[in-house]
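Since the structure comes first, as structure tokens, the remarks are kept for the end.
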Amino acid sequence: MAGRILVVDDDSTVCELIQVVLRSVDIESLTVTSGGLALAHLAKEKFDAVFLDVHMPPPDGIELTIKIRSGGLNLATPVMIITGENDRALLSRAFGAGASFFLYKPIDRHDILRLVRATHDSIQQEKRRFRRVKVSCKISIESDARQISGSTLDLSIGGTFVRGSAALPVGALANVTIDLMSNPPFVSAARVLRVSDGDCMGMQFERLSVQQSKRLQDFLLPLILAKSE
């Protein structure tokens, strides 16, 4: 398990809940209720993980994540964004800012401990690992009248790298259906960001809902945890 964790939320009851859960497994935590105080602690102390509420008086969770990723002691520290909002643009912004994981409300003890486990050992040292998990899933891609089949080479909350029967041009928008080995399949809009080797595409998911994002995280976390054991 991780050592000292920073919890930042302007709701003191949320801070207390997370702190109680962490204390139950002998993990020390520091809780603060403002982004300004969080910045002061982040500047002088290295943490093993940071929980950030997305909605706070400035600087909010996304602004804090950007500052963390810009340099300093906690540049590679895993960041868990706390959210209950079904705001697709907000999720995209948080992930783009450098969030590692999402803790979804209502907050559950099991979810907290599972995320903390994922900060251990090699996951902590390789900050981008969660964002690109090597996994092969069947995928079908539809864009206008084109139908492409293939498989994922890696997958994350933000998108996927795919080897397909053909490739779409960079910038193309498509609907993707991914077999996550559970019913129903995962369906999302995705945009092609890059093409390589003729038939491989890097695709970014667009307009994910909280439910879609959580489903991807629930699929990926066991794979991440298995690699860290």
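The numbers here are math on the coordinates, done by the rules we state, and not lab data. Please read all numbers here as calculations on a predicted model, not as lab measurements. Cβ atoms come from the backbone with ideal geometry, glycine included; neighbour counts cover every protein chain shown.
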Computed Rg/Rh of the range 128-229, alpha carbon atoms with Kirkwood Rh: 0.95
With Cα atoms, 0 to 90° folded angle of helix 210-228 axis to the chain main axis: 80 degrees
Rounded tilt (10° steps) of 12-23 against the dominant C-alpha axis of the chain: 90 degrees
Karplus-derived 3J(HN,Hα), 6.51/-1.76/1.60, for each residue of the range 74-81, Hz, glycine and proline x: 10, 3, 9, 5, x, 10, 9, 8
Residue 51 long-range amide H proximity, modeled H, under 5 Å: 6, 7, 8, 80
Amide hydrogen neighbours beyond the local backbone of residue 137, cut-off 5 Å, H modeled: 152
Cross-link pairs 105/138; 67/138; 44/105 - those with Cα-Cα distance over 32 Å: 67/138
Per-pair calculated FRET efficiency, R0 = 35 Å: residue 108 and residue 37 via Cβ, rounded to 0.05: 0.85
Cα long-axis angle, helix 35-44 against the chain (0 to 90 degrees, to the nearest 10): 80 degrees
Shape of the range 9-64, Cα gyration tensor, a/c cut at 1.5: oblate
Karplus-derived 3J(HN,Hα), 6.51/-1.76/1.60, for each residue of the range 152-157, Hz, glycine and proline x: 6, 9, 8, 8, 8, 5
Centroid-to-centroid separation of the range 174-207 and the range 26-84 [C-alpha atoms, Å]: 31 Å
Translational diffusion of the range 5-130, µm² s⁻¹ [Kirkwood Rh, Cα pairs; Stokes-Einstein; 10 °C; 1.306 mPa s]: 111 µm²/s
